[in-house]
1. Give me the pairs: first residue in region 29-51 and closer than 20 Å to Gly19 by Cβ and touching a residue at least 24 places away in the same chain (Cβ under 8 Å), second residue of a type in the set (S, T, N, Q) and assigned to a helix (DSSP H, G or I), beta-carbon distance under 7 Å, and six or more apart or on different chains, which are they?
2. Mind telling me which of the residues Leu9, Leu20 ends up being in contact (Cβ under 8 Å) with a residue 24 or more places away in the chain and surrounded by 10 or more Cβ atoms within 10 Å (Cβ to Cβ)?
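Please treat every number below as a calculation from the coordinates, not as lab data. This is a predicted model, so every value here is computed, not measured. FYI the Cβ positions are ideal-geometry reconstructions off the backbone, even for glycines, and counts take in every protein chain you see.
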Amino acid sequence: MTEDWKKELVLAGFLLGFGLLIMPFAIYWVGQQVVGEYAPDAGAFDLAEQVWWDLTQLSLPAWTLVLSPYLCVQLLRVARSSWRYARTVKQVTVSRDER
């Protein structure tokens, strides 16, 4: 059981680090390609700094952004588990005589 917790903590740490360090820069890059300039005289580090500042201010969008990689993995796990469970459940019919 402790091995599962260790793996989960490593995964959570990795994905949280990804959300903190990579996501703001990835969003900046995609935004540059799709929308254009983020702000006059502002770059990727300005966006990242704003996200990090918003985290300290308990901003829901900033926390959603940072936690989204981990939340997506958890959502995929739930979907996979539900799909596997649905496949193992057998349809049961009760005849009128057994009631």
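1. Listed by first residue and then by second, the contacts come to nothing, as the list is empty.
2. Leu20
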